[in-house]
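Each remark here refers to the structure printed beneath this line.
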Amino acid sequence: MVKISYEQKPYRRSIMQTFGAQVIASPSMSTKAGRKILTDNPMYQGSLGTAISEAVELALETPNCKYTLGSVLNHVMLHQTVIGLEAEKQMEMAGEYPDIVIGCFGGGSNFSGISFPFLRHKINEGRDIRVIAAEPASCPKLTRGEFQYDFGDETGYTPLIPMFTLGHTFSPAHIHAGGLRYHGAGALVSQLRKDGMIEAVDIKQLDTFSAATLFAQAEGIIPAPESAHAIAAAIREANQAKDEGVQKTILFNLSGHGLIDMTAYDQYISGDLVNYEISDAEISGNLDKLEKIVK
């Protein structure tokens, strides 16, 4: 488990431990990849890329152990489209069709799951629909990254993937949306972004929690910080449509509740959360380390 999430999201850890799991904070001293990272930066709080490196290494060295992929690779994103297929049927039952489809974005499975079934109508039938990926402003691979071949993990154990990336050694800020702290975007989403088929917006941490609390008060559901990125983007689009005097049907994916993220809400309510900014120099400095395969 990514170390910052291990510390920020203790109840997720507790749930896994309740079911008998051993939960290790990554980076750890359990793997060569983790030991190298900690040697270079003892205070490093980890990233999804770091945890993937350690998980792959442990799977390779442990007999009868398999590594289960979670987000970025194409077959995983296509598997998740059951979400969008169900949403498509629900929209038919409501007699509606979305003008805008929004999903929060980390590596791609959540966003792809809700949007790909609707994108096929845009591609095959020319349906006028906007598809928006909502990512953290502190980890803006789609809005400020570069389309390039890169590794899916920090150490470089995975194959190279053509993706929008901030560089596989990118160190994301300590935002509470742990599931979105990933340096790159899946290949299918990246190509769609490159071809102008989808849009991307970046959302600041305080804006996500503002949107999340508004949603909770209106709907009675406390959303996960990751899902709150999609909510914030949906609110922006709704307000813009209101200002323009037009009607829009907006579909977004509420991908998880936040009942085990209440420590983050406590910090937001008490005024202890902050926005994290990343400079162009930081992004370019990290991308300059990549071997440029795509020109």
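Does Lys141 fit the bill of being without any contact (Cβ under 8 Å) to a residue 60 or more places away in the chain, within 30 Å of Lys32 (Cβ to Cβ) and charged (D, E, K, R)?
yes
How about the range 237-258: which of its residues are assigned to a loop (DSSP other than H, G, I, E, B) and open to solvent by 50 Å² or more (accessible area, probe 1.4 Å)? Can you show your working first?
Pass one, the range 237-258, residues assigned to a loop (DSSP other than H, G, I, E, B): 245-249, 253-256, 258.
Listed by number, the residues that qualify are Gly245, Val246, Gln247, Lys248, Leu254, Ser255.
So for the range 155-167 (the condition being in contact with a strand residue (DSSP E or B) (Cβ under 6 Å, 6 or more places away or on another chain) and not in a strand (DSSP E or B)), does at least one residue qualify? Please lay out each step first, then the result.
First, the residues of the range 155-167 that are in contact with a strand residue (DSSP E or B) (Cβ under 6 Å, 6 or more places away or on another chain): 158, 160, 162-165.
Within this subset, residues satisfying the condition of being not in a strand (DSSP E or B) are 158.
Checking the range 155-167: at least one residue is in contact with a strand residue (DSSP E or B) (Cβ under 6 Å, 6 or more places away or on another chain) and not in a strand (DSSP E or B).
Kindly establish whether Gln17 is assigned to a helix (DSSP H, G or I) and either aromatic (Phe, Trp, Tyr) or free of Cβ contacts under 8 Å to residues at least 60 places away in the same chain (or both).
So Gln17 passes the test.
Of all residues in the range 54-86 being touching a Phe, Trp or Tyr at 6+ places or on another chain (Cβ under 8 Å) and over 28 Å from Pro27 (Cβ atoms), which is most open to solvent (accessible area, probe 1.4 Å)?
The extreme case among them is Leu78.
Could you check the range 129-162 and list, in sequence order, the residues that are within 15 Å of Ile198 (Cα to Cα) and modelled with pLDDT under 95?
Hits for the range 129-162: nothing passes.
Given the structure, is Leu48 in contact (Cβ under 8 Å) with a residue 24 or more places away in the chain, open to solvent by 70 Å² or more (accessible area, probe 1.4 Å) and of a type in the set (A, V, I, L, M)?
No; evaluated as a whole, the condition is false for this residue.
Scanning for something in contact with a Gly (Cβ under 8 Å, 6 or more places away or on another chain), in a strand (DSSP E or B) and open to solvent by less than 60 Å² (accessible area, probe 1.4 Å), does the range 194-204 turn up at least one residue?
The answer is no, given that none of the residues of the range 194-204 is in contact with a Gly (Cβ under 8 Å, 6 or more places away or on another chain), in a strand (DSSP E or B) and open to solvent by less than 60 Å² (accessible area, probe 1.4 Å).
State which residue is farthest from Lys141 (Cα to Cα) when the search covers only the range 22-58 and only residues that are in contact with a His (Cβ under 8 Å, 6 or more places away or on another chain) and assigned to a loop (DSSP other than H, G, I, E, B).
In this case the residue turns out to be Gln45.
When the range 104-131 is examined, which residues are found to be in a strand (DSSP E or B) and under 17 Å from Gln191 (Cβ atoms)?
Answer for the range 104-131, where residues must be in a strand (DSSP E or B) and under 17 Å from Gln191 (Cβ atoms): just Val131.
Does the range 272-286 include one or more residues that are within 21 Å of Ser71 (Cβ to Cβ), open to solvent by less than 70 Å² (accessible area, probe 1.4 Å), touching a strand residue (DSSP E or B) at 6+ places or on another chain (Cβ under 7 Å) and among the polar types (S, T, N, Q)?
no
The values are calculated or read from the model by the stated rules, or taken from the named source; none is laboratory data. Since this is a predicted model, take the numbers as computed values, not measurements. Cβ coordinates were reconstructed from backbone atoms using ideal geometry, including for glycine residues, and neighbour counts include every protein chain displayed. With ligands, DNA and RNA removed, areas are computed over all heavy atoms of the protein, side chains included. Shrake-Rupley method; radii C 1.70, N 1.55, O 1.52, S 1.80 Å.
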